[in-house]
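Visitor: This is the structure I have questions about; it appears just below.
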Amino acid sequence: MKVFSGRLRSSSTAAGRGLFLSVVGLAVSTALFVLAVVSISFILLGIGVFTTPVVLEAVRKHANQRRLWAATWSSVRIPVPYRPFPKELRPGVTGQVERTTLMLKDPATWRDLLWLLVDMTAGSVLAVVAAGLMLYPVESVVLAAGLWRVFQDEPYWYMFVPVDSQLTGLAALALGIVLFHVGLRATGAVLRAHFLLARTVLAPARDEELARRVERLTETRHEAVDTAASELRRIERDLHDGAQARLVAMGMNLGTIEALVEKDPAQAKKMLAMARESSAEALTELRDLVRGIHPPVLAERGLGDAVRALALRLPVATEVTVELAGRAEAPVESAAYFAVSEALTNAVKHAQAERVYVDLHHTEGMLRISVTDDGKGGAVAGPGSGLSGIERRLGTFDGVLAVSSPAGGPTMVTMEIPCALS
Amino acid sequence: MRVVLAEDLFLLRDGLVRMLEAYGFEVVAAVETGPELTRALAELEPDVAVVDVRLPPSHTDEGLQCALAARRARPGLPVLVLSQHVEQLYARELLADGDGGVGYLLKDRVFDAEQFVDAVRRVAAGGTAMDPQVISQLLSRRSRDEPMGGLTPRERDVMELVAQGRSNAAIAAQLVITERAVAKHTSNIFGKLDLPPSDDDNRRVLAVLAYLDRG
């Protein structure tokens, strides 16, 4: 019974959505298609230059709305393939011409127009079918209940059943029940088919996708090289001013001690103590440096325990939940570790949090991490902030970062990195 | 006293063997890898094991894991773990069985031979030797929100040394006070922190560490 009512609810929702989509498809898609065609053909007359971008922008909004519905209603993901506009367009008529040309050159625009055509025909039909599978059986109930009397003279065709008496009315009802059961199972699938059809038309071609991928890789590679170079510079500077300088001083001290050991043993002893202290300091500095390059716990235990160890060092209560069935590759682990570290530092320093929750788990080929605090919120991932640094670092691995931090808190930083565990 | 030593870097291993022998220990085995350590601990039954956390072949925390496994097989087997870095996570795992005879020190501590050897002896006798850094990390986590049960600064100093596993005599020597004064401070500390009083050196260390770790 529970299964049935669950199915009934989801099928009815799908049917309602189908009905809605068919209306939208017929009305909006048709209107936009006509407007677009007229506007583009008016470019030669001049007026089109001004109307086209407006109309095409509306088309894009319409298509994006459909993408959103596809994702939320049937989990069909349709990529958004529009080329970005250059940041500064010239003002006035030249800018307008430029905009129009750019939009018309974008293959995505033409796919949009093709989709409008498909949506107002095949797309609408599919949507109507989705709705009909649930609505049509209702009619058979009404027919059997008495509406058949109206058709006594001339039979009403309920699919292939001519209804003109109580008996044929009941036959229609039987057919209706069969249809209803088909509908319970198929409505969702038909609605999904509608979105899949949209995807076939709207999704970019393979070479376009590859071009975008190359663009993204070039960008993240530049960033990765930059980050690596500045890291090396930092390490060099730390070694040069820290441990290296201390070792020089120690060597010098030892030389002096050698000379003093017989003349002034008391002074030599004092200097020996200094040398030992200096070596201890050099060790401490090296230890901190190593922690910044690759934390030892990460090497010894992997991401989960490294984050636990990190949490134990924080001055605020931190709860760490880890669900990892293995270890990710070392570079991914390292990037994830430093991302968590930065997020935790922010929580303690800027958000003045009192409790922090860290969650690490791996599902569907994604390492998902969330860092939530009860601080005062208001964190932004703008350029130059620590968060944008994390974003860049994760970008190298096609990872993404999202920050939700309303003023007054709480702040939630979520990260996703595609990777496999071993 | 018979010692098994596990350290993969030749220079350090050599230095430690010399130091321990100079202080009258008998180093029955000085090994390089985890599997060798496991075998030595099982076959030689030493009085104490001095173990580097990171050992080949895996270069992960193999030394620590071998030591923990050996302690499971022989509860209370004295183990002093050395590392280039100290983590509370590891300290917790070492202390978890509550059997005592555990040490966890930074490698830097070998600079001071006397203190280091003292720590080895303490661990061998079933006591505890925690690195001052572990204790100060624990303290720094708590100091922000709690005034540590109203301890006076002197009592805090004493507590830090108690948590490191020092005996009353050693604490008295370090703080330049009498042993009786130390005893008074410790009984005050236990009273203020609401811990069960204990004369047994090791029990009181574990009690204080557990208290600090609770935060």
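Values quoted throughout were computed directly from the atomic coordinates according to the rules given, and no laboratory measurement underlies them. Bear in mind the structure is a predicted one, so any value in this text is a computation, not a measurement. Counting neighbours? That spans all protein chains shown, and the Cβs are built from the backbone with ideal geometry, glycine included.
Visitor: What shape does the stretch A:2-202 take by its C-alpha gyration tensor, where a ≥ b ≥ c are the square roots of the eigenvalues and a/c under 1.5 counts as rounded, a/b above b/c as prolate, and the rest as oblate?
Guide: Prolate shape, in that a/c is at least 1.5 and a/b is the bigger ratio.
Visitor: Amide H of residue B:55: which non-local residues (sequence gap of 5 or more, or other chain) have their own amide H closer than 5 Å, using H built in the peptide plane?
Guide: B:60, B:62, B:63
Visitor: Where does chain B land at 222 nm, in deg cm²/dmol rounded to the nearest 500, when only DSSP H runs of n ≥ 4 count, each adding -39500 (n - 2.57), divided by all residues? It would help to have the intermediate numbers written out before the result.
Guide: Numbers: 10 runs with 115 residues, N = 215.
So the calculated ellipticity at 222 nm is -16500 deg cm²/dmol.
Visitor: Now for a different question. Below 27 Å, Cα to Cα, which lysines can residue B:184 reach? Residues fewer than 8 away in the same chain don't count.
Guide: B:192
Visitor: Continuing with this model, one more query. Sticking to Cα atoms, compute the Rg of the stretch B:2-130 to one decimal and its Dmax as the biggest Cα-Cα distance, whole number, in Å.
Guide: Cα radius of gyration and Dmax of the stretch B:2-130 are 12.8, 34 Å respectively.
Visitor: Restricting to the stretch B:2-130, what percent of DSSP beta bridges are antiparallel, rounded to 5?
Guide: 5
Visitor: List nothing, just return the count: lysine pairs in chain A, 8 or more apart or interchain, with Cα separation under 25 Å.
Guide: Details: A:61/A:87; A:61/A:105; A:87/A:105; A:349/A:376.
Number of lysine pairs found: 4.
Visitor: Taking the simple approach of a point 7 Å from Cα along Cα-to-Cβ for both residue A:241 and residue A:404, what is their distance in nm?
Guide: So the label points at residue A:241 and residue A:404 sit 4.1 nm apart.
Visitor: Please list, in order along the stretch A:165-178, the HN-Hα scalar couplings obtained from phi with the Karplus expression 6.51 cos²θ - 1.76 cosθ + 1.60 (θ = phi - 60°), rounded to whole Hz, x for Gly and Pro.
Guide: 8, 4, 4, 5, x, 5, 4, 4, 4, 4, 4, x, 5, 4
Visitor: Classify the stretch A:277-388 as rounded, prolate or oblate, taking a ≥ b ≥ c as the square roots of the eigenvalues of its Cα gyration tensor: rounded when a/c is under 1.5, otherwise prolate if a/b is larger than b/c and oblate if not.
Guide: oblate
Visitor: On to the next question. Using the Kirkwood radius built from alpha carbon pairs, what does the Stokes-Einstein equation give as D for the stretch A:214-293 at 25 °C and 0.890 mPa s, in µm² per second?
Guide: The diffusion coefficient I find is 161 µm²/s.
Visitor: Provide the net charge surrounding residue B:34, with neighbours chosen by a C-beta distance below 11 Å and charges set as Lys +1, Arg +1, Asp -1, Glu -1.
Guide: Details: positive: B:39, B:54; negative: B:8, B:32, B:36, B:52, B:61, B:62.
Net of charged neighbours comes to -4.
Visitor: Rounded to the nearest 5, what % of DSSP beta bridges with both residues in the protein assembly as shown are antiparallel?
Guide: The antiparallel fraction comes to roughly 45 percent.
Visitor: Right, here's the next one. In terms of the Cα gyration tensor, with a ≥ b ≥ c the square roots of its eigenvalues, is the stretch B:1-71 rounded because a/c is under 1.5, prolate because a/b exceeds b/c, or oblate?
Guide: oblate
Visitor: Go ahead and estimate [θ] at 222 nm for chain A from helices alone: -39,500 (n - 2.57) per DSSP H run with n ≥ 4, summed, over the residue count, rounded to 500.
Guide: Estimated from H runs of four or more residues: -23000 deg cm²/dmol.
Visitor: Next question, about the same structure. Based on alpha-carbon atoms only, what is the radius of gyration of the stretch B:86-215 relative to the globular estimate 2.2 N^0.38 Å?
Guide: This ratio for the stretch B:86-215 stands at 0.98.
Visitor: Can you tally the net charge around residue B:166? Count Lys and Arg as +1, Asp and Glu as -1, for every other residue whose Cβ sits under 10 Å from the Cβ of residue B:166. Please report the intermediate quantities before stating the final value.
Guide: On the way: positive: B:122; negative: B:118, B:160, B:201.
Local net charge: -2.
Visitor: Summarise the long-distance tail of P(r) for chain A by giving the % of C-alpha pairs beyond 31 Å. Please report the intermediate quantities before stating the final value.
Guide: Values: 57591 of 88831 pairs.
That fraction is 65 percent.
Visitor: May I ask you to list the trypsin sites (Lys or Arg not before Pro) in the stretch A:1-78 that are in a DSSP loop and have at most 14 other Cβ atoms within 10 Å of their Cβ?
Guide: Those that pass, being in a loop and sparsely packed, are A:77.
Visitor: Under the definition of partner shielding as Cβ atoms of other protein chains within 10 Å of a residue Cβ, what is the mean value for peptide A:295-301?
Guide: On the way: counts 2, 8, 7, 0, 4, 14, 7.
What the average comes to for A:295-301 is 6.
Visitor: Please quote Rg/Rh for the stretch B:59-130 to two decimal places, taking the Kirkwood radius as Rh and restricting both calculations to Cα atoms.
Guide: My calculation puts Rg/Rh at 0.94.
Visitor: Below 14 angstrom from the Cβ of residue A:196, what's the summed charge of the other residues (Lys, Arg +1; Asp, Glu -1)?
Guide: Around residue A:196, the surrounding residues sum to +4.
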